[in-house]
Amino acid sequence: MTLKYTCKLCKRIVPEITEHHLIPKEKGGKYYPTTMLCKMCHSQIHALYSNKELAARLFSIERLKNDKSIKKYLNFIKDMPGDAVIPIKKSKKRR
C-alpha cells in the first residue's frame, strides 16, 4: 500500500484521505470550506463531537487542533504508521 497523502489534522502520511466539511452539511456547510483528513482523524472527530458542536465552535483545523479532546487523540496517533487502523469509540458524552 502506497502512503502518499498528508492528513491536515495529524500530519501523518497516509494511503488515502477523506473530505471533511468544516461546517457539517446538515448545518449549512455544503458550500463552505472543506479539508482533507485521514480516515482515522475523520472518524475520531465525528465520534467526539456532534455536528452542532462542530458548526458552532470547531469549524477550522486550528480550532480542532486546540480542543482538549482531540489533542489527546493527536498525541496518541502521532507515532502510529499511516496505514494503521485503530478502533474508534464514541466519547461518553456522545453515547
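Some values worked out for this structure:
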{"item": "Acute angle (nearest 10 degrees) that the helix 68-77 long axis makes with the longest principal axis of the chain, alpha-carbon atoms", "result": "10 degrees"}
{"item": "Percent carbon-and-sulfur accessible area, the chain, ignoring ligands, DNA and RNA, probe 1.4 Å", "result": "52 percent"}
{"item": "Proximal aspartates and glutamates relative to Lys25, as straight alpha-carbon distance under 17 Å, when same-chain residues fewer than 8 apart are discounted", "result": "Glu53"}
{"item": "The chain - percent relative contact order, Cα under 8 Å, separation 6 or more", "result": "30 percent"}
{"item": "1.4 Å probe accessible area per residue over the chain, in Å²", "result": "65 Å²"}
{"item": "Residues whose placed amide H lies under 5 Å from that of Thr6, excluding near-sequence neighbours", "result": "Val14"}
{"item": "Ranked by how many other beta carbons lie within 10 Å on average, peptides 6-17, 74-85, 23-34 from highest", "result": "6-17, 23-34, 74-85"}
{"item": "Positive dipole terminus of the chain, leading residue within Thr18, Asn66, Thr6 (C-beta point charges)", "result": "Asn66"}
{"item": "Compactness of the chain - radius of gyration and Dmax, Cα, Å", "result": "12.9, 37"}
{"item": "The range 36-47 - phi-based ³J(HN,Hα) in whole Hz, Karplus 6.51/-1.76/1.60, Gly and Pro as x", "result": "9, 10, 5, 4, 5, 5, 4, 5, 5, 4, 6, 7"}
{"item": "Nearby aspartates and glutamates by direct alpha-carbon distance to Lys4 (threshold 13 angstrom, same-chain neighbours under 8 apart not counted)", "result": "Glu16, Asp83"}
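The values are calculated or read from the model by the stated rules, or taken from the named source; none is laboratory data. As the structure is a computational prediction, the values presented were derived from the model and not from experiment. All Cβ positions, even for glycine, are placed from backbone atoms using ideal geometry, and neighbour counts span all protein chains on display. We work out accessible area using only protein heavy atoms, side chains counted, and drop any ligands, DNA or RNA first. Shrake-Rupley method; radii C 1.70, N 1.55, O 1.52, S 1.80 Å.
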